[in-house]
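Reading through the structure tokens given below for one structure.
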Amino acid sequence: MSVIIKAVVKGSPAYKAKISAGDTLVSIDGNEIMDVLDYRFYQNEAKLTVEFINKKGNFKFKKIKKKVYEEIGLEFETYLMDKKHACKNKCVFCFIDQLPKGLRDSLYFKDDDSRLSFLFGNYITLTNITEHEVDRIIKMHISPINISVHTTNPELRVKMMKNKNAGKALEIINRFNAAGIKLNCQMVLCPDYNDGEELERTLRDLTALENAECIAAVPVGLTRFRDGLAKVKPFDKERAIKTIEIIDRFGKECLEKYGERRVYAADEFYILAERELPDASHYEEFLQLENGVGLVALLNSEAKSAMEECDYKLTKKRIITIATGEAAYPFIKKIVDSAAQKWDNLECRVKAVKNNFFGRSITVAGLITATDILDQLNGIDLGEELLIPAVMLRDGGDMFLDSVTLEELSEKLNIKITPVANDGYELIDAILGIKEKE
């Protein structure tokens, strides 16, 4: 597949070689360029031969000399150089299938793209990967690869993902492991599907892989919009406790075998089980924060250190509010109470926002909408500033899931709203208003 060049950076090696916008990139050193991974990998050498088709339709070859790893200087229509690969599964637990109508279009797109796994940490199921991509990952030693495994039982994987190739795709995991590719494995657990004995089977298979460096389990998230979908039960306290016990047992076995825990339960399991969460040392390298594994422990650890190190003087009364999800509320409240003990002039209120939009079983902060914040906080004295977790907003940091912008919500509540990353140092700074004073 050839790729049309949208622009050439002025002064770049490609510019000096007289390659132009509108030309079509074919290959680099004889290697066909299919997408951004090919382009990035094959452009690294100091001496290159670039094959392209000019605007007249003629094949051309240009010799390029540059520094090792220096960019050639070509730009393309999209970052990936082609379209994102859409998911071909119909998983019984898919959150996107549980979204209501009327949200922004981008929320309904299911990606299952191996390139996004490497570039941005997205998780892939391997049911959508071509043999070319598998061979390329091994050849380029692209590592780590993030994989949504869910189960290593082929028949069960087909049942849960509703894809006839879901079971066969598991063999790719073994190929990656044999090639020395590091694997981060994720499991969305559904009661009576892949928990209990099936979870033990999956963990037994995955912990036997030398290069499966992180294996994490998260509980299924169920919204109120499941009409026509497979029946899936939520986790209760008893099942959450049993799940943690299984995961802890395999984690201890990995500590003995590899010197690393490797197997983790998401924070939600501990909250459901009403158990104290492990401290930060439990999570080692925090390899699956994006799946809610160790988020609370890291935030607590950072916030504690931030308060110990901070000598900032709060010279006048500061009254603010933090809005968060029900799951995070007790942990944020504990941090705020500690801060209030250190700074007498601080009054920080914490509000747990109930998720009426998606349903009360959804308690994480990242799925709170502006609609619920407005409904539950409107008319309340919020002080001089409202802090919210940045995960409530899309990547651009300006819009909630229900397509309400940060500016619109700020105007309706008549208060400044500040998104705060899941970082204990940033949280303490935001609570104290330090950045405003600088």
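Residues in the range 59-66: is at least one open to solvent by 30 Å² or more (accessible area, probe 1.4 Å), outside any strand (DSSP E or B) and either among the small types (Gly, Ala, Ser) or in contact with a Lys or Arg (Cβ under 9 Å, 6 or more places away or on another chain) (or both)? Even if it seems obvious, please write down each step before you answer.
First, the residues of the range 59-66 that are open to solvent by 30 Å² or more (accessible area, probe 1.4 Å): 59-63, 65.
Imposing the further condition that a residue be outside any strand (DSSP E or B) reduces the set to none.
No, there is no match, as no residue in the range 59-66 is open to solvent by 30 Å² or more (accessible area, probe 1.4 Å), outside any strand (DSSP E or B) and either among the small types (Gly, Ala, Ser) or in contact with a Lys or Arg (Cβ under 9 Å, 6 or more places away or on another chain) (or both).
Taking the range 160-203 as the region of interest, how many residues are in a helix (DSSP H, G or I) and without any contact (Cβ under 8 Å) to a residue 24 or more places away in the chain?
Selection size over the range 160-203: 3.
Does Leu103 meet the test of being outside any loop (DSSP other than H, G, I, E, B), in contact (Cβ under 8 Å) with a residue 24 or more places away in the chain and of a type in the set (A, V, I, L, M)?
On the way: outside any loop (DSSP other than H, G, I, E, B): no; in contact (Cβ under 8 Å) with a residue 24 or more places away in the chain: yes; of a type in the set (A, V, I, L, M): yes.
Criteria not met by Leu103.
Hey, Thr151 hits all of (1) polar (S, T, N, Q); (2) surrounded by fewer than 19 Cβ atoms within 10 Å (Cβ to Cβ); (3) within 22 Å of the chain's Cα centre (by Cα) but one; which does it fall short on?
The one condition Thr151 does not meet is (2).
Listed here are the residues, each with its yes/no results for (1) over 24 Å from Ile96 (Cβ atoms); (2) touching a helix residue (DSSP H, G or I) at 6+ places or on another chain (Cβ under 9 Å); (3) of a type in the set (D, E, K, R); (4) at pLDDT below 95.
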{"residue": "Leu119", "(1), (2), (3), (4)": "no, yes, no, yes"}
{"residue": "Asn128", "(1), (2), (3), (4)": "no, yes, no, yes"}
{"residue": "Ile142", "(1), (2), (3), (4)": "yes, yes, no, yes"}
{"residue": "Val149", "(1), (2), (3), (4)": "no, yes, no, no"}
{"residue": "Met187", "(1), (2), (3), (4)": "no, yes, no, no"}
{"residue": "Asp195", "(1), (2), (3), (4)": "no, yes, yes, no"}
{"residue": "Leu203", "(1), (2), (3), (4)": "yes, yes, no, no"}
{"residue": "Asn211", "(1), (2), (3), (4)": "yes, yes, no, no"}
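Failed condition for Tyr258, given (1) modelled with pLDDT of 95 or more; (2) more than 25 Å from the chain's Cα centre (by Cα); (3) under 26 Å from Lys162 (Cα atoms), with all others met?
Checking Tyr258 against (1) modelled with pLDDT of 95 or more; (2) more than 25 Å from the chain's Cα centre (by Cα); (3) under 26 Å from Lys162 (Cα atoms), the one that fails is (3).
Can you name the number of the only condition in (1) free of Cβ contacts under 8 Å to residues at least 40 places away in the same chain; (2) in a loop (DSSP other than H, G, I, E, B); (3) surrounded by 15 or more Cβ atoms within 10 Å (Cβ to Cβ) that Asp248 fails?
Result: Asp248 fails condition (2) only.
So that you can scan it fast, the table gives a plain yes or no per residue for (1) crowded, with 16+ Cβ neighbours inside 10 Å; (2) of a type outside the set (Val, Ile, Thr); (3) in contact (Cβ under 8 Å) with a residue 12 or more places away in the chain:
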position	(1), (2), (3)
Asp205	yes, yes, yes
Thr223	yes, no, yes
Arg239	yes, yes, yes
Lys252	no, yes, no
Tyr270	yes, yes, yes
His282	no, yes, yes
Gln288	yes, yes, yes
Glu308	no, yes, no
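Within the range 365-415, how many residues are at pLDDT below 95, touching a Phe, Trp or Tyr at 6+ places or on another chain (Cβ under 9 Å) and either under 24 Å from Asn345 (Cβ atoms) or of a type in the set (S, T, N, Q) (or both)?
Counting residues in the range 365-415 that are at pLDDT below 95, touching a Phe, Trp or Tyr at 6+ places or on another chain (Cβ under 9 Å) and either under 24 Å from Asn345 (Cβ atoms) or of a type in the set (S, T, N, Q) (or both) gives 0.
Given the residues Glu256, Glu260, which is the only one that is in contact with a helix residue (DSSP H, G or I) (Cβ under 9 Å, 6 or more places away or on another chain), open to solvent by 10 Å² or more (accessible area, probe 1.4 Å) and farther than 23 Å from Gly424 by Cα?
Values: Glu256 fails: in contact with a helix residue (DSSP H, G or I) (Cβ under 9 Å, 6 or more places away or on another chain).
Going through Glu256, Glu260 in turn, the sole match is Glu260.
Quick test for you: out of Ile145, Ile96, Ile124, Ile137, pick the one residue that is of a type in the set (A, V, I, L, M), open to solvent by 10 Å² or more (accessible area, probe 1.4 Å) and within 30 Å of Glu200 (Cβ to Cβ).
Numbers: Ile145 fails: open to solvent by 10 Å² or more (accessible area, probe 1.4 Å); Ile124 fails: open to solvent by 10 Å² or more (accessible area, probe 1.4 Å); Ile137 fails: open to solvent by 10 Å² or more (accessible area, probe 1.4 Å).
Answer to the selection: Ile96.
Of everything in the range 394-438, what is in a helix (DSSP H, G or I), in contact with a helix residue (DSSP H, G or I) (Cβ under 6 Å, 6 or more places away or on another chain) and within 15 Å of Ile368 (Cα to Cα)? Give them in sequence order.
Result: Leu409, single match.
Of everything in the range 422-438 that's open to solvent by less than 40 Å² (accessible area, probe 1.4 Å) and under 25 Å from the mean Cα position of the chain (by Cα), which residue is farthest from Trp343 (Cα to Cα)? Give the steps one after another, and end with the answer.
Filtering the range 422-438 for residues open to solvent by less than 40 Å² (accessible area, probe 1.4 Å) gives 424, 427-428, 430-434.
Retained after the next criterion (residues that are under 25 Å from the mean Cα position of the chain (by Cα)): 424, 427-428, 430.
Numbers: Gly424: 17, Leu427: 15, Ile428: 11, Ala430: 14 Å.
Out of the qualifying residues, it is Gly424.
Of everything in the range 213-240, what is part of a loop (DSSP other than H, G, I, E, B) and closer than 21 Å to Asn184 by Cα? Give them in sequence order.
At the first step, the residues of the range 213-240 found to be part of a loop (DSSP other than H, G, I, E, B) are 220-236.
Those that are part of a loop (DSSP other than H, G, I, E, B) and closer than 21 Å to Asn184 by Cα: Val220, Gly221.
May I ask you to say which residue of Met81, Met34 is hydrophobic (A, V, I, L, M, F, W, C), on the phi > 0 side of the Ramachandran plot and not in a strand (DSSP E or B)?
After ruling out the rest, the residue left standing is Met81.
Of the residues in the range 384-414, how many are surrounded by 16 or more Cβ atoms within 10 Å (Cβ to Cβ), within 30 Å of Gln341 (Cα to Cα) and touching a residue at least 60 places away in the same chain (Cβ under 8 Å)?
Residues meeting the conditions: 5.
The values are calculated or read from the model by the stated rules, or taken from the named source; none is laboratory data. This one's a predicted model, so the numbers in the text were calculated from it and none came from an experiment. Note that each Cβ is placed from the backbone with ideal geometry, even for glycine, and that neighbours are counted across all protein chains shown. To get the accessible areas, we keep the full protein, side chains included, count just its heavy atoms, and leave off ligands, DNA and RNA. Shrake-Rupley method; radii C 1.70, N 1.55, O 1.52, S 1.80 Å.
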